[in-house]
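Single-structure report; data block below.
The values are calculated or read from the model by the stated rules, or taken from the named source; none is laboratory data. Please read these numbers as outputs of a predicted model, since none were measured by experiment. Cβ coordinates were reconstructed from backbone atoms using ideal geometry, including for glycine residues, and neighbour counts include every protein chain displayed.
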Amino acid sequence: MRLHSEHVSVLGLGAMGGALAAAVVKAGHPTTVWNRSAGRAGYLVAAGATEAGTAAEAVRAADLVVVCLFNHASVHEVLDPVAADLAGRTIVNVTTTTPDQARELAGWAENLNARYVDGGIMAVPEMIGGPGSLVLYSGAQEAFDRHRHVLDHWGESDFQGPDAGLASLVDLAMLAGMYVMFAGFLHGAAMVAPAGIPARRFAALSAPWLTAMTAAFDGYAEVVDGGDYTVPGQQSLTFSDLGDIVDASVAQGVDPAAVAMVQQLIQRQIDAGHGAEGFARIYESLRGSEAAAP
């Protein structure tokens, strides 16, 4: 029987780890917290958490052990010395790792007779427990299902599948889109700066425009999944040529690298004879597919 008061241990109290711990404390779960450097747990203890003196003490306090550290290496640095205490427990690791690192940790945990769930948090700490917070999971589904009532306190829980690397893969793929978008915004801000337009004014113009443009994602996805870049209604690669943007950037004294990257993907497909096909065909350049001549 699942109890609302399931004990949870959280290892790592940086901005994100602290937010995760605070959410489960607020929900009424007995919570043990531990951090490698002292002085991070005071507000959590004041809210009702128990601070452990060692990682081993924290691990032994709960069946559900949440790990939110700096990187893959730090996860091993903290958990390797307490490996013997992990048997029979569930590890939910929300430390950012690569997919292969997540798979390695899953195999390592399995050898210890521990259950492993990997997590990718698609939110900033301030969003945890509120609207828009999404956490991706993959790995041991039985363990995910068993503890989902705890995990749901952080935001929408989305299980990607039994491959432990899937949550990390989707997480990093979504971040790739975010960072390229941010780079595009900053590129635009740099273009208009010499004309005396401040970045804040440019942001006010750009945000609603870019938000509206995300409505095109579904259409691009349908084309990519269908594999037919000749479907009527698409903007052609030739029409999408970004040469004018590159030239205007250079004229404004701006490094065109961010836009030139997209232009190169477009040009590779045009050079292969696909200029009349839709812009979404740059997907084939990104995947390294050989662009066969028509």
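Below, the figures for the structure above:
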| read-out | value |
| --- | --- |
| Some residue of the range 10-27 being assigned by TED's automatic domain parsing to the domain that holds residue 142, touching a residue at least 12 places away in the same chain (Cβ under 8 Å), more than 21 Å from residue 127 (Cα to Cα) and not in a loop (DSSP other than H, G, I, E, B) | no |
| Residue check, residue 233 at pLDDT below 95, of a type in the set (Gly, Ala, Ser) and either in contact with a strand residue (DSSP E or B) (Cβ under 7 Å, 6 or more places away or on another chain) or not in a helix (DSSP H, G or I) (or both) | yes |
| Test: residue 276 is farther than 22 Å from residue 187 by Cβ, of a type outside the set (S, T, N, Q), more than 30 Å from the chain's Cα centre (by Cα) and surrounded by 13 or more Cβ atoms within 10 Å (Cβ to Cβ) | yes |
| Exclusive hit being charged (D, E, K, R) and within 17 Å of residue 278 (Cα to Cα), set 247, 218, 255 | 218 |
| Residue satisfying all of: in the range 25-42; within 24 Å of residue 77 (Cβ to Cβ) and in contact with a helix residue (DSSP H, G or I) (Cβ under 8 Å, 6 or more places away or on another chain); surrounded by the fewest Cβ atoms within 10 Å (Cβ to Cβ) among these | 36 |
| Residue that is farthest from residue 171 (Cα to Cα) [pool: residues in the range 125-138 that are surrounded by fewer than 18 Cβ atoms within 10 Å (Cβ to Cβ) and in contact (Cβ under 8 Å) with a residue 40 or more places away in the chain] | 126 |
| Every pair of residues 6+ apart whose Cβ atoms lie under 7 Å, when the first sits in the range 217-245 and is surrounded by fewer than 14 Cβ atoms within 10 Å (Cβ to Cβ) while the second is polar (S, T, N, Q) | 243/263 |
| Some residue of the range 88-95 being touching a strand residue (DSSP E or B) at 6+ places or on another chain (Cβ under 7 Å), closer than 17 Å to residue 22 by Cβ and outside any loop (DSSP other than H, G, I, E, B) | yes |
| Extreme residue, nearest to the chain's Cα centre (by Cα), among residues of the range 152-182 that are in contact (Cβ under 8 Å) with a residue 60 or more places away in the chain, assigned to a loop (DSSP other than H, G, I, E, B) and over 23 Å from residue 15 (Cα atoms) | 165 |
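This table checks each residue for (1) in contact with a Lys or Arg (Cβ under 7 Å, 6 or more places away or on another chain); (2) without any contact (Cβ under 8 Å) to a residue 60 or more places away in the chain; (3) over 18 Å from residue 12 (Cα atoms).
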{"position": "48", "(1), (2), (3)": "no, yes, no"}
{"position": "53", "(1), (2), (3)": "no, yes, no"}
{"position": "67", "(1), (2), (3)": "no, yes, no"}
{"position": "92", "(1), (2), (3)": "no, yes, no"}
{"position": "103", "(1), (2), (3)": "no, no, yes"}
{"position": "112", "(1), (2), (3)": "no, yes, yes"}
{"position": "123", "(1), (2), (3)": "no, yes, no"}
{"position": "140", "(1), (2), (3)": "yes, yes, yes"}
{"position": "150", "(1), (2), (3)": "no, no, no"}
